[in-house]
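Structure first, commentary second.
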Amino acid sequence: MARRSTPLARLLPRLRPHRGALAVAGLCLILSGSVALAFPQIVRRMLDAAFISGNSSSLNRIALTLLGMFAVQAMLNFTQVYLLTSTAERIIAKLRRDLFESLIHLSPGFFTDSRVGELTSRLSADTAVLQTVLSTNLSEFARQSLLLVGGIVLLTLTHPALTTTTLAVVPVVVGASVLFGRMLRKASSGVQDRVAEAMGTADEAFSQIRTVQSFTREETEIARYSSHISEVISAALKRARIRAGFFGVLTFFGFGSVVVVLWQGGRMVLAGTLTAGALVSFLLYAIYVAGAIGSLASLFGAYQEAVGAAKRVFELLETRPVVQNPAAPKFLPSPVRAALELHDVGFRYADSLPEVIQHVSLSIAPGEVVALVGPSGAGKTTIASLIPRFWDVTSGSITLDGTDIRELDLRDLRGAIGIVPQEPALFSGTVRENIAFVGRRAGEAGFSD
């Protein structure tokens with residue numbers, strides 16, 4: 001049985017078109033990390049030249065070499081950060097477009113069951129988390145991994161006994177990372193869920209603002225939104241406590257190991273078995289290793305946050321519309337005669353719900369005007385919504401010009417139907433753009449440049 005890939009692993013195919021930029025960024029990162037790893041060795045030579053040989057010219061030369069190395073490192077860091085950030089922007093922009101495209105093609109029933117505010121939160125907040133992973137966390141993970149491996153190797157070459165002291169803290173940090181990482185993932189998902197709920201409440205209030213104000217329910221809606229915000233704060237504070245505890249543990253054990261190394265190495269310098277330059281270079285490598293372990297542990301926490309965001313984004317991307325275009329669609333004849341027939345139509349909104357329409361048969365000839373009359377809830381709007389296939393009939397069939405509408409191309413079917421909603425809908429933009437929403441020709445009618 002094939003193992004299902006993790007949510008973040010499903011971002012990998014989106015990285016492939018940017019392999020060139022990522023490769024250059026990776027090369028810059030390796031070269032920059034190599035400069036950082038060479039720094040303690042050069043410092044060692046500087047100190048030994050100053051305190052042992054007393055050679056000032058050698059000291060000056062080494063200092064100039066360091067300045068040149070740092071200038072090169074600065075250029076490498078600029079290139080690497082720019083390439084990763086710009087690539088992440090492009091990847092996330094495409095992900096947002098794909099997510100929006102996927103959502104906008106879903107059936108109206110999906111939006112009936114979902115809160116639009118939550119969907120927009122997923123479209124913005126969750127993708128922003130993934131953007132941070134690609135633009136910052138990925139680079140930092142690679143950098144700290146390089147410093148960790150390189151630092152351990154050079155520590156071992158410098159002094160194996162002190163290396164053992166330095167690495168004694170690793171099991172503690174790894175265990176803390178796993179424990180706090182799981183807690184942080186759960187807490188972060190809770191924060192994101194609460195934010196999405198608050199967004200949903202705000203969206204409902206704004207979209208129904210006339211109803212809210214007509215019944216003077218402003219204070220009620222404020223209270224609802226405030227309640228959700230309070231839940232966000234509670235969840236965020238819980239996450240903050242976990243994160244703070246995590247960093248406290250990492251700080252103590254990370255820098256505690258450096259103190260032990262400094263104490264042990266100082267005794268070796270006093271005993272004459274280690275030079276001051278060698279001790280300082282070892283301490284720098286120890287700080288590299290301790291810092292890398294702490295950074296990787298915190299990145300593990302960020303990874304746990306991103307997993308939840310990626311899971312929600314890809315769940316939406318994989319959602320398929322209930323009403324789908326047929327595999328081999330048919331097209332309406334031109335011109336459309338508009339002979340419409342409903343044959344013993346039945347419909348329910350969900351399998352667990354009763355039918356709201358039963359055994360409805362209706363025939364409308366081309367050019368005939370028919371009005372459906374009945375009390376609110378009788379099913380007039382539902383029948384009208386079945387014709388453009390916003391939902392599909394549960395039983396029976398609907399034909400247009402003799403063809404079952406489920407066999408017709410969706411765009412062709414809906415393009416042949418004109419709809420005037422009960423409530424006017426205006427999009428942001430000019431009057432011309434709103435009129436042109438139904439089609440280019442409609443937008444051109446009645447306007448002259």
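Of note:
- The share of accessible area on the chain that comes from carbon and sulfur is 63 percent, using a 1.4 angstrom probe.
- Taking a ≥ b ≥ c as the square roots of the Cα gyration tensor eigenvalues, the range 307-358 comes out oblate, since a/c reaches at least 1.5 and a/b does not exceed b/c.
- Candidates Ile209, Pro335, Ile91 compared by Cα position along the dipole of the chain: farthest toward the positive end lies Ile91, with charges placed on Cβ.
- Area accessible to solvent at Val149, 1.4 Å probe radius, in Å²: 90 Å²
- Solvent-accessible surface ranking, highest first, for Val72, Val258 at 1.4 angstrom: Val72, Val258
- Between Ala378 and any residue 5 or more places off or on another chain, the built amide H atoms are never under 5 Å apart.
- Ordered by 1.4 Å accessible area with all protein chains kept, His105, His343, His18 run largest first as His105, His343, His18.
- For the peptides 19-31, 208-220, the ranking by mean Cβ contacts within 10 Å, running from highest to lowest, is 19-31, 208-220.
- Put simply, when 348-354, 274-280 are sorted by average Cβ atoms within 10 angstrom per residue, most first, you get 274-280, 348-354.
- Computed with a 1.4 Å probe on the full set of protein chains, the accessible area for Asp344 sits at about 70 Å².
- Whole-Hz ³J(HN,Hα) from phi, Karplus 6.51 cos²θ - 1.76 cosθ + 1.60, for the range 417-422, glycine and proline x: 10, x, 10, 10, x, 5
- Solvent-accessible area of Met69 with every protein chain in place, 1.4 Å probe, in Å² to the nearest 10: 40 Å²
- With helices as the sole contributors, the chain gives -22000 deg cm²/dmol at 222 nm; each DSSP H run of n ≥ 4 counts as -39500 (n - 2.57), and the sum is divided by every residue.
- Cα gyration tensor, the range 327-383 - rounded (a/c under 1.5), prolate or oblate: oblate
- Computed magnitude of the charge dipole of the chain (debye, nearest 20; Cβ of K, R +1, Cβ of D, E -1): 1980 debye
- Of (1) 42; (2) 56; (3) 60, the label for percent of Cα pairs over 34 Å apart derived from the coordinates: (2)
- Proximal lysines relative to Lys238, as straight alpha-carbon distance under 27 Å, when same-chain residues fewer than 8 apart are discounted: Lys186, Lys311
- A dipole drawn for the range 360-427 from +1 and -1 charges on Cβ atoms has a positive end, and of Ala371, Ser397, Ala416 the residue lying farthest that way is Ala371.
- Integer Hz, Karplus 6.51/-1.76/1.60 couplings in order for the range 351-357, x for Gly and Pro: 4, 7, 9, x, 5, 9, 10
- Selected from Phe282, Val249, His228, residue furthest toward positive end of dipole (the range 187-292; charges at beta carbon): Phe282
- Scalar couplings 3J(HN,Hα) for the range 319-334, obtained by applying the Karplus form with A = 6.51, B = -1.76, C = 1.60 to θ = phi - 60°, are 5, 9, x, 5, 8, 10, 5, x, 4, 10, x, 9, 10, 5, x, 10 Hz; x denotes Gly and Pro.
- Heavy-atom SASA rank of Phe78, Phe110, Phe246 (probe 1.4 Å, accessible area, largest first): Phe78, Phe110, Phe246
The values are calculated or read from the model by the stated rules, or taken from the named source; none is laboratory data. None of the values given here were measured: they were computed from a predicted structure. Note that each Cβ is placed from the backbone with ideal geometry, even for glycine, and that neighbours are counted across all protein chains shown. The area values use the complete protein model at the heavy-atom level, side chains included, leaving out ligands, DNA and RNA. Shrake-Rupley method; radii C 1.70, N 1.55, O 1.52, S 1.80 Å.
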